[in-house]
Amino acid sequence: IQVERLRLPVCKEEQWIVETINEHDVVIICGETGSGKTTQIPQFLYEAGYAHNSGIIGITEPRRVAATCIAERVAHEMNLTSQLVSYQIRYEGTAGERTKIKFMTDGVLLKEVQYDFELTKYNAIIIDEAHERSTYSDILIGFLSRIVRLRRKRNNPLKLVIMSATLKVADFKMNTKLFHTPPPVVNIDARQFSVTIHFNRHTPKRDYIEEAFRKVCKIHRKLPDGGILVFVTSQSEVHLLCSKLKKTFPKPVSNFKKMSEVIQTEAVAPFSSSSRLENRMINKNEGLNLNSYENTDDDEVDERDSEDGDDVDESSSDEQVAIVSSTSFAKENPDGPMYVLPLYSLLPSDKQALVFKPVPAGFRLCVVATNVAETSITIPNIKYVVDTGKVKTKFYDAVTGVSTFKVTFISQASANQRSGRAGRTGPGHCYRLYSSAVFSDFEEFSEPEIARKPVEDLVLQLKDIGVDRVKNFPFPTPPSAQAIESAERLLYRLGALEVVPCSIATSKPKKIYRLTDLGRTLAQFPLNPRYSKMLSLSQQHQLMPYVVALVAALSVQEVFVNSLHHHKMEDENCSDEKKRLEMQQARLELVGKGEARLLGDNMLLLKVVCLMDASKRKEEWAKLSEKYGIRWKALLEISKMRKQLITLLNTLIPDLNLSNNSTLKFPSQVQAKLLRQIVLSGHVDHIANKKNDVRKVDPTHISSFKFKILSDFHVFIHPSSSLFKNKCEYVVYQYIEETSKLYMKGVTSVELEWLPLFAPTDTRFDPVKLDDPDNPPVFDEVDGHVMCHMSGKFGPQFWAVPR
Ligand code: ADP
Ligand code: MG
């Protein structure tokens, strides 16, 4: 490890880096990906004494996987325990009293700012991957620019280190709103070998996956040894390309028997100690398919503690592969074996770590990755990069409120970053699957995230920290005024903000939005304010366990998969399409009838959670995930999130005693109806109303009704929704995605009569506690089962937690 460390470019600059930090409160460090910033600079600070008194060193990462995986790596390099070098992410962490170096997601540090504005616990904060411009790290830099000044005044200086993989740091450096004097920039000169760029002659074809596949085959068959790294846009594309490659370069050994012979005859020594691995293979009764390692890993990966003891197993699996391949594969296959690994951010970190492990002898490494491999993870020994030139990004239209995932061309900066991956260990080649003419049309840099996302959660957090005028916050790049306004409007409609006249007698802003008690409550939850609002209404009719389950599921990304690449496709006779239809049918049946069906896709989520409760064993979860097309990791995330919310609710509300391991039953018809109202209350601005005459107007749309949303354009229920083809008049949706049409996803049917109560367009919410004797709740007796609302007041009742 010491030898490896000394080879890293940042280590040559240790003295310069440490001196600059000693002399300045804010320092920017730029260095190529892989130059050692993330793993080494925290260690420099540690050695320079920045964690010697009671203060600690904090490092923020935009991704959870980076925080956990790097904490482990640094602890290993320093030979310290995971208590001393720890991580903290949303659900879990190893940080404690003895922690000296803490890796965390940027969201975690932002929460800490809320409770201890001066961050007194820290002596130094490192904002890593600042070039990615994730919203939270941007905001943190904004806050830290002020905190550093405050701490300097208090004579207890805090060091701020901003690390970037690119030289584009002007937004931080030259921004006088942030830093009065531009902070010094330390440039790490990473040794970079030359990379030959090969452009495609023609304009890119539509099917870039096919194109990438052909290019990889060609490289593998014709060019000398060296790892291949392919950039595609999404998790499903990663799986698609991986499975194509695995089919083309077939499995080394085709049956289990043959393999076990090989193991017994040739690998006695390495295997005698790793019985777990052997068991795993025997159970699966499959050949040595690298793919099957990955899939079978799942159930174990997530249960065990994240540190210690894994390395032995993993490395022995590599040895095993090496042995088998060298005996029985190389002879039979003229194409040469290929070691195909997927890499994307939702992939469990253990599997991501496979890219660091040695490649089995005789195999060529081929990593198929999304843009996580662009900067945050460095894969050793890559010689060839295949760049599709595409990226999938979420765009948000502040005017219409429509979020869309679009596959677009990358920026020139990204393209160069990608090609740079080929020159880490020697001269390399980058194959760009687009022409140089197209390249010159790429944007120079990509837009920071803050400009592409709705900012309601951000605005809520900022106001909770006390920033009333969000527009004046020192953002490295401010969100558009329109985005801030629409966030304030939404928060206002949720009851989180109230309008107060501006007390300062200035000419311009006549009113400001300030947090209400409800708003303060909503800010306590690590959720989108829409979902926190739903929770805040849930303490009636025994609905809380359901709403907790629902919002936990809603806050997890991409629960359902509509492609089948997540599952092992062993049954080759069964077509994708057939499986998809079966899955669709199973989902419809699960949703059920009556009120249940009207809760739509949210009922599906809820019932999945109920089924998870009913089947405590992980094997049954695997069946669930297969049957309904649910991402396996999503189930674990939902379950973690749910536990976290229950713990939080129990601490916020005295005497609540919400149980953490009760089994949730399917909701009753009445509960289903009330849940629809609750869903509506959180999606006040996501209402769509059916246009009846659609078939006459547009005969091609027979299968899906056309809906009109408030901002006056037309949307459709997505075919994967359980309410597709249903006759509902009013629906609320979770989000709109633009593919061939504008599609609503996560749809629930609601009633027109509920709108004034649950989605008022203009209202004042007054926080009233449920047990307030002066304001007894009045139940609407129309049919006995409506969420209660306050007498004489407008809007449903909620609880507010005192700060
Ligand atoms: P940077 O932050 O500048 O991109 P890192 O500090 O992340 O660089 O990585 C430095 C080197 O350490 C890289 O060559 C990378 O391959 C290696 N490395 C990082 N994490 C691990 C790990 N978990 N296991 C093995 N090697 C790693
Ligand atoms: Mg890094």
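When R580 is tested against the conditions (1) basic (K, R); (2) out of contact with any Phe, Trp or Tyr (no Cβ under 7 Å at 6 or more places or on another chain); (3) under 26 Å from M534 (Cβ atoms); (4) in contact (Cβ under 8 Å) with a residue 12 or more places away in the chain, the lone failure is (3).
Look at (1) away from ligand 1 (no atom under 13 Å from the Cβ); (2) assigned to a strand (DSSP E or B) and you find that Y46 fails only one, number (2). Checked against (1) surrounded by 16 or more Cβ atoms within 10 Å (Cβ to Cβ); (2) more than 22 Å from the chain's Cα centre (by Cα); (3) more than 21 Å from E92 (Cα to Cα), G629 passes all but condition (2).
Filtered by the rule that a residue be in contact (Cβ under 8 Å) with a residue 40 or more places away in the chain and among the aromatic types (F, W, Y), the range 68-102 gives a lone residue, Y91. Reported count of residues in the range 18-42, each being over 12 Å from A124 (Cβ atoms), within 14 Å of ligand 2 (Cβ to nearest atom) and either among the charged types (D, E, K, R) or touching a strand residue (DSSP E or B) at 6+ places or on another chain (Cβ under 9 Å) (or both), is 8. Restricting attention to the range 443-465, the residues that are basic (K, R) and either assigned to a loop (DSSP other than H, G, I, E, B) or at positive phi (or both) add up to 2.
Just checking, does the range 65-73 include any residue being within 16 Å of ligand 2 (Cβ to nearest atom) and surrounded by fewer than 20 Cβ atoms within 10 Å (Cβ to Cβ)? Break it down stepwise before answering.
At the first step, the residues of the range 65-73 found to be within 16 Å of ligand 2 (Cβ to nearest atom) are 65-73.
This time we only want the ones that are surrounded by fewer than 20 Cβ atoms within 10 Å (Cβ to Cβ), so: 73.
So far as the range 65-73 goes, yes, one or more of its residues are within 16 Å of ligand 2 (Cβ to nearest atom) and surrounded by fewer than 20 Cβ atoms within 10 Å (Cβ to Cβ).
Within the range 85-92, does at least one residue satisfy the condition of being under 27 Å from the mean Cα position of the chain (by Cα), within 16 Å of ligand 2 (Cβ to nearest atom), among the hydroxyl-bearing types (S, T, Y) and part of a helix (DSSP H, G or I)? Checked against the condition, which is being under 27 Å from the mean Cα position of the chain (by Cα), within 16 Å of ligand 2 (Cβ to nearest atom), among the hydroxyl-bearing types (S, T, Y) and part of a helix (DSSP H, G or I), the range 85-92 yields no hits at all. Screening the range 368-390 for residues that are among the aliphatic types (A, V, I, L, M) and in contact with a helix residue (DSSP H, G or I) (Cβ under 6 Å, 6 or more places away or on another chain) and picking the one that is farthest from ligand 1 (Cβ to nearest atom) gives V386.
In the range 350-367, the qualifying residues are those that are among the β-branched types (V, I, T) and within 13 Å of ligand 1 (Cβ to nearest atom), and the one that is nearest to S236 (Cα to Cα) is V367. Taking (1) of a type in the set (V, I, T); (2) surrounded by 17 or more Cβ atoms within 10 Å (Cβ to Cβ); (3) in a loop (DSSP other than H, G, I, E, B) in turn, T81 satisfies each apart from (2).
Scan the range 409-428 and tell me whether some residue there is within 16 Å of ligand 2 (Cβ to nearest atom) and either at pLDDT below 85 or not in a helix (DSSP H, G or I) (or both). Taking every residue of the range 409-428 in turn, at least one turns out to be within 16 Å of ligand 2 (Cβ to nearest atom) and either at pLDDT below 85 or not in a helix (DSSP H, G or I) (or both). Every test in (1) buried (at least 21 other Cβ atoms within 10 Å of the Cβ); (2) touching a Lys or Arg at 6+ places or on another chain (Cβ under 7 Å) is passed by C30 save one, and that test is (2). Counting the residues of the range 713-725 that are surrounded by 16 or more Cβ atoms within 10 Å (Cβ to Cβ) and either outside any strand (DSSP E or B) or over 27 Å from the mean Cα position of the chain (by Cα) (or both) gives 7. For the range 466-492, a residue qualifies if it is surrounded by fewer than 19 Cβ atoms within 10 Å (Cβ to Cβ) and not in a loop (DSSP other than H, G, I, E, B), and the qualifying residues are K471, N472, A481, Q482, E485, R489.
For D25, state whether it is over 30 Å from F525 (Cβ atoms), of a type in the set (D, E) and either away from ligand 1 (no atom under 12 Å from the Cβ) or crowded, with 21+ Cβ neighbours inside 10 Å (or both).
Yes, satisfied.
Residue by residue through the range 541-593, note down the ones that are at pLDDT 85 or above and of a type in the set (D, E). Scanning the range 541-593 gives E582, E589.
Applying the criterion of being on the phi < 0 side of the Ramachandran plot and not in a helix (DSSP H, G or I) to the residues of the range 527-552, the residue that is surrounded by the most Cβ atoms within 10 Å (Cβ to Cβ) is S538. When Q2 is tested against (1) near ligand 1 (Cβ under 8 Å from one of its atoms); (2) at pLDDT below 95, only condition (1) is not met.
Which numbered condition in (1) within 25 Å of the chain's Cα centre (by Cα); (2) more than 14 Å from ligand 1 (Cβ to nearest atom) is the only one that G34 fails? Failing condition for G34: (2). Suppose the filter is of a type in the set (S, T, N, Q), outside any helix (DSSP H, G or I) and touching a strand residue (DSSP E or B) at 6+ places or on another chain (Cβ under 9 Å); does N175 pass it? Considered against the rule, which asks whether it is of a type in the set (S, T, N, Q), outside any helix (DSSP H, G or I) and touching a strand residue (DSSP E or B) at 6+ places or on another chain (Cβ under 9 Å), N175 comes out as no. Against the conditions (1) within 16 Å of ligand 1 (Cβ to nearest atom); (2) assigned to a loop (DSSP other than H, G, I, E, B); (3) crowded, with 20+ Cβ neighbours inside 10 Å, L167 satisfies every one except (3).
The values are calculated or read from the model by the stated rules, or taken from the named source; none is laboratory data. Remember, predicted model here, so these are calculated numbers, not experimental data. Every residue, glycine as well, gets a Cβ built from its backbone with ideal geometry; the counts of neighbours run over all protein chains shown.
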